[in-house]
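Participant: Sending over a structure as structure tokens; questions will come in a sec.
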Amino acid sequence: MAIGRFKISLQALTKAGGVGQLSYGIRVSIALCGAMALSWGLDYISLVIPLFLGIIASALAETEDNWLGRIRALSITLLLFIIVSFGVRLLMPHPWAFGISLSVVAFCLSMGGALGRRYGVISQATLILSVYTMIGLNQATHEVPIWHEPVLLTLGALWYGVLSVIWAALFVHVPLRQALATLYIEVGLYLKVKSRLFPILSSASMDALRLDLARQHGQVVIALNRVREILVSRIGNEPTSPRLGRYIRLYFIAQAIHERASSSHYNYSDLAETFFHSDILFRLQRQLSAAGASCRQIGEAIRTSQSIDLHDSEEAIAGVQRSMAYLEREALPTQWRLFRSLRQLTDNVTALQQELDKARQLEDVSLTDASQQIPQPRVTFRSILSQILDQLTPKSQVFRHAVRMSIALTCGYAIIQNMHLDVGYWVMLTTLFVCQPTFGSTRKRLYERMAGTVLGLVAAWSLITLFPVEVIQLMIAVVAGVVFFLSRNNRYVLATAAITLMVVCCFNQVADGYAVIWPRLFDTLIGSVISWLAVFFILPDWFYRQLPMTFAEGLRRSAEYLQELMRFYREENMSEQAYRRSRRRAYNADALLTSTLVSMLQEPGHFRRDAELWQRLVIRSHTLFNYIAAFGAHRGALIEQPSNELLVSAGNYIVESLHEVAQSLEQKSLVSDSSAEFERLKKLLDDCPSEDDERHYFVLSQLQSLLGELRQIRLLTHELQVQVHGRNIKGVESAN
């Protein structure tokens, strides 16, 4: 009975936080318990605070590399930790020198984000450790050796780092498995949203749904990039690992499912109207929903090593095929015009199910060929320097955030010095956690930080009052530290409450814990205000300014993606590597456009300019991207036919037109009126004979759909430009 309850509890923990998060919590709890045991065994309880803080900083700097990669990352982390902590220790008695150094170091470390997420995390953790050093020195009740605080903090970081490396060596592929599981779950959610397109809704509901689809597409792209980043870090060290070969294939299958899921075939409204009395669209809806559930099952199976059951989606696709067979026999003459488009849609859905079946049947097989399709970037000193120099411009979000963080931390230090705050370095700590690269994320984090701090202080006051025994308070601190790491990514209010509780319990071992409650609240408020002012006034990243350039970049990448795909229909033996590269760039650009719009909608009302027009443009852009993605799902060479030249010409026109709109946005010149050329090309495509070749018909119908979306994008862009720039835009007078 007890064993059964234990299994249920373990399953609940696994579902709540995932094996990855659970293992994270286990590592942190072992590290904190080890530090507490050492302090208790040495009868030197004041060691707890620097060791705990070093462990936290090291855990915040943890990367998702394999054990060799973690050793390299840990070496860089410890080197930065020891340099920065000794620098703080030496310069703290000299406020002017300390303030200037703080400004420079904060800027340099914040620019670490230019080298990628891994080094951005290490740099952020180093800044956090520098503030931890200030807090420890500020709270010292007696004179300590110069090495005391830096060495203890670094030892705590080293202790957790060693645990992290050992864990990575024992559980080699856990981070990759968790990332793959998340990817399949996100793809499943995308399929669930896509299924709501069938049957067709009203125009307003359709626009809202397409915006939701674009947002979820962005989440899938983020998950794809994370898996790719982890694979890149492992392929160099394990190029022939059978298990890694299986995970590489799972990654490519997820890519293929996403490409098919993001494909659009013809106009769904026309299909719904033509086949209104058939059950085919309802069956398609059920199949996509079942496929989404299957993706989630695959994700959970990857995470927990369970078997995969795709019975529901297999049954749903069988229903789609039966319905199509019936339509093929009984379709009315008026339905035959769009029957081929419907068949292409159902063929795509059937192929999607086949990709799901591949994921279920995979075994561990060494795949050196597949690993070659994920190129390894060459890292040299010149490439690192180039990455940093490329970001040293006010146009870079990394540069803006680095300047903002430098000024905000320096202002926080100035306030501490002038107001003579007893535990004022929590002001700077709050600024580090609250000040984010965007206004929307900073505002959200500010509210969460304040709410979590209040909850944590109330809980701390209650618990140290109810449990005055030191060992119980230390156990509470350990549990709180684990809760912080388990919840910091998705429940920040709880995470803040937990870390606040841990801090008060720890400080109560060496001083009066009650005495830090009000200063902690006051310092959090000051740090939050500094963060809000910094993100609002210091090189603010108002996204309405970025949207035109982001939109232009998205159009350019979509044009390049279409151009690369059209080559598959004209040439044989095309390079899959070039195709994958252009696809990844287009997917990233489309996801960035959606996230930029979402970020703008989180900003103050005055800065949400032309939001309705931009939403319509983003929806149109994503729909155009969906039509282009369908070319990737059905790519293959066309047989020789007289109309092939017209198809190539139409494809080239769309590519050039997308580049033209992008250039107009970048140069702030009015989008030209191309209605005459558009109508001419549309008529030629409409009059083009429907050949027997299905692939030829597919290309023709997709190009017609792309032309329709392109026309709307040009009209909306023209409307937006006139509305925003008025008569200041180039070309208005000539257009009039």
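Participant: Give me the accessible area of Phe399, 1.4 Å probe, in Å² rounded to the nearest 10.
Facilitator: Approximately 40 Å² of Phe399 is accessible to the 1.4 Å probe.
Participant: As an exercise, take the mean of 1/r over every pair of distinct alpha carbons in the chain, invert it, and state the Kirkwood radius in angstroms.
Facilitator: In the chain this quantity evaluates to 28.5 Å.
Participant: Could I ask something else about it? What angle, in degrees between 0 and 90 and rounded to the nearest 10, separates the Cα long axis of helix 280-304 from the longest principal axis of the Cα atoms of the chain?
Facilitator: With rounding to tens, the tilt is 30 degrees.
Participant: By average Cβ neighbour count within 10 Å, what is the ranking of 542-552, 383-393, 41-51 from highest down?
Facilitator: In decreasing order of mean packing, 542-552, 383-393, 41-51 become 542-552, 41-51, 383-393.
Participant: Here's another thing I want to ask about it. Summarise the accessible area of segment 572-703 (1.4 Å probe, protein heavy atoms) by the percent that is carbon and sulfur.
Facilitator: Carbon and sulfur together cover 46 percent of it.
Participant: Related question: What is the helix-to-structure angle for 95-110, meaning the angle in degrees between its Cα long axis and the longest Cα principal axis of the chain, kept from 0 to 90 and rounded to the nearest 10?
Facilitator: 30
Participant: Ordering Leu624, Leu91 from largest to smallest accessible area (1.4 angstrom probe), what's the sequence?
Facilitator: Leu91, Leu624
Participant: Turning to a different aspect of this structure: Based on alpha-carbon atoms only, what is the radius of gyration of segment 445-490 relative to the globular estimate 2.2 N^0.38 Å?
Facilitator: Compactness ratio reported: 1.27.
Participant: For the chain, what is the accessible area per residue in Å² when the probe is 1.4 Å?
Facilitator: Accessible area per residue: 44 Å².
Participant: Beyond 18 Å, how much of the Cα-Cα pair distribution for segment 29-184 remains, as a whole percent?
Facilitator: Counting every Cα pair in segment 29-184, those more than 18 Å apart make up 60 percent.
Participant: Can you pull the percent of segment 53-149's accessible area that's carbon plus sulfur, 1.4 Å probe, other chains left in place?
Facilitator: Its accessible area is 71 percent carbon and sulfur atoms.
Participant: Give, in nm to one decimal, the length gained when the segment between Val510 and Ala97 is fully stretched (0.36 nm per residue of separation minus the Cα-Cα distance).
Facilitator: 145.7 nm
Participant: With runs of 4+ DSSP H residues as the only contributors, calculate the mean residue ellipticity of the chain at 222 nm using -39,500 (n - 2.57) per run, divided by the residue total and rounded to the nearest 500.
Facilitator: Value at 222 nm, helices only: -27000 deg cm²/dmol.
Participant: In whole Å, what three semi-axes, largest first, describe the equivalent ellipsoid of segment 538-645 built from its Cα gyration tensor (square root of 5 times each eigenvalue)?
Facilitator: Each semi-axis is √(5λ); the values are 35, 14, 9 Å.
Participant: On C-alpha positions alone, give me the angle between the axis of helix 439-466 and the longest principal axis of the chain, in degrees, nearest 10.
Facilitator: Once rounded, the angle reads 40 degrees.
Participant: Can you give the FRET efficiency to the nearest 0.05 for Leu170 and Met419, using r as the Cβ-Cβ distance and R₀ = 56 Å?
Facilitator: Efficiency, from the Cβ-Cβ distance: 0.70.
Participant: Let me ask another. What do you reckon, how do Asp687, Asp422 stack up by accessible area (1.4 Å probe), largest on top?
Facilitator: Asp422, Asp687
Participant: Using 0.36 nm per residue, how much length does the chain from Ile83 to Ala351 gain when fully extended, once their Cα-Cα distance is taken away?
Facilitator: 90.9 nm
Participant: Follow-up. Starting from the Cα-Cα distance between Leu533 and Gln663, subtract it from 0.36 nm times their residue separation and give me the gain in nm to one decimal.
Facilitator: Here the answer is 43.3 nm.
Participant: Okay, moving on. Quick one: with all protein chains in place, what share of the accessible area of segment 407-472 is carbon or sulfur, to the nearest percent (1.4 Å probe)?
Facilitator: Exposed carbon and sulfur together represent 71 percent of the surface.
Participant: Let me ask something else about it. Per residue of segment 493-508, in order, report the coupling 6.51 cos²θ - 1.76 cosθ + 1.60 (Karplus, θ = phi - 60°) as ³J(HN,Hα) in whole Hz, putting x for Gly and Pro.
Facilitator: 4, 4, 4, 5, 4, 5, 5, 5, 4, 4, 4, 5, 5, 5, 5, 5
The values are calculated or read from the model by the stated rules, or taken from the named source; none is laboratory data. Predicted, not measured: the structure shown is a model, and the values here were computed from it. We place every Cβ from the backbone using ideal geometry, glycine too, and count neighbours over all the protein chains shown. When the accessible area is computed, the model is the full protein with side chains, heavy atoms only, and any ligands, DNA or RNA have been set aside. Shrake-Rupley method; radii C 1.70, N 1.55, O 1.52, S 1.80 Å.
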